[in-house]
1. With a cut-off of 8 Å between alpha carbons and a minimum separation of six or more residues, what is the relative contact order of segment A:8-187 in percent?
2. With r as the distance between the Cβ atoms of A:Ser172 and B:Lys51 and R0 = 35 Å, compute the FRET efficiency 1/(1 + (r/R0)^6) and round to 0.05.
3. When you look at the Cβ of every residue in B:141-154, what mean number of other chain Cβ atoms sits within 10 Å?
4. Identify all aspartates and glutamates with a Cα-Cα distance to B:Lys138 below 15 Å; exclude those on the same chain that are fewer than 8 residues away in sequence.
5. Which lysines, on any chain, are close to A:Lys51 with Cα under 30 Å apart, when same-chain ones fewer than 8 places away are left out?
6. How charged is the neighbourhood of A:Leu66? Take every other residue with its Cβ under 14 Å from the Cβ of A:Leu66, and add Lys/Arg as +1 and Asp/Glu as -1.
7. Across the residues of A:114-124, average count of Cβ atoms on other protein chains within 10 Å?
8. Between A:Arg96 and B:Met6, what FRET efficiency follows from the Cβ-Cβ distance if R0 is 30 Å, with the result rounded to 0.05?
There are 2 protein chains.
Amino acid sequence: MYSAAMSTQERLIESTRELLWERGYVGTSPKAILERAGAGQGSMYHHFKGKPDLALAAIRRTAEELLASAEAVLDSPGTPYERIAAYLRRERDVLRGCPVGRLTMDPDVMADPDLRAPVDATLASIRARIAEIVELGKEQGQFASTLDAGEIASAVVATVQGGYVLARASGSPDAFDAGVRGLLALLAPPRR
Amino acid sequence: MYSAAMSTQERLIESTRELLWERGYVGTSPKAILERAGAGQGSMYHHFKGKPDLALAAIRRTAEELLASAEAVLDSPGTPYERIAAYLRRERDVLRGCPVGRLTMDPDVMADPDLRAPVDATLASIRARIAEIVELGKEQGQFASTLDAGEIASAVVATVQGGYVLARASGSPDAFDAGVRGLLALLAPPRR
């Protein structure tokens, strides 16, 4: 539960974020949100128009946090390869999956342009940031000049998102780690 | 709808397979299954113990079909690189996502060892088959001898599974294709 100092509005948003991550949009009922937030139905409709409006606030916040933490790792010091490796090896709660990526499997989120927008924008921003780093690595001769930076960036983000799928299927983070190591081995600059 | 020649049991399984792919387990109600199958509640309980039992039959069949079609492509003629490329480029209904991989985001499927088993076994079998092909490519000098076949196989399957996430987020198959091209560029044997 949440501290008494947190406003009802905040508790509603935080409860929705957790439930979306655990159960998805379809599996998250207004009743479950109210129970977890310790709030009444009236307070939910005082602050939000309904479940989609509350979910939008929750998804936007989750997306902003994910983007900020990804950018912080990608902008850490090091060579382009080291920065991409830091992103791929970043500490993650692998078996919980990605709180943003998992929303793509939610048909009601994907069918609603407002709910889908932050999911799309976040993954696109991370890909674009990685593509810039790959481009820098090409200029510095660390990556082959024939590589397409956008394609490599897509492969990097896909490996992370698909790594969650493999880890959850097997019930162990090992498959996530294996995929990351495989991609990094392929991406590693040739030894001089 | 289904042909009159299809048995009620078959219609129930096929309807459940479609709904699990579209809506997930949590989002699939027994009522929706019965409506799509054109069957009554009595006939469902005549053939199956309930939703989990019916879902197990549906998931097993979907998993078997996915594995068979993946193996058919992986065992097609060609060099190890060409066989992996054929798997990655295989025609897919990208925006629908993977009918097996998407189940990993279903908390009720993951929490039930019986329902999770076919998901785990299918993805593990595809990874193992790809690892054998990578090993063959190493023996033939097509892939670097330093690569770990299991890690490369995990990266290949993760790129596919994560490619679905990127494609659904952006509403276009382009991101899937970009990730596949990026991985294939990294995996390509060096030109002589």
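Where a number appears in this text, it was derived from the coordinates with a stated rule and is not lab data. The shown structure was predicted, so the numbers you read here are calculated from the model rather than taken from an experiment. FYI the Cβ positions are ideal-geometry reconstructions off the backbone, even for glycines, and counts take in every protein chain you see.
1. With pairs under 8 Å counted, the relative contact order is 22 percent.
2. So, using R0 = 35 Å, E works out to roughly 0.80.
3. 4
4. B:Glu82, B:Asp148, B:Glu151
5. Qualifying lysines at Cα under 30 Å: A:Lys31, B:Lys31, B:Lys51.
6. Local charge sum for A:Leu66: +3.
7. Per residue, the average neighbour count from other chains is 3.
8. Efficiency at R0 = 30 Å is approximately 0.15.
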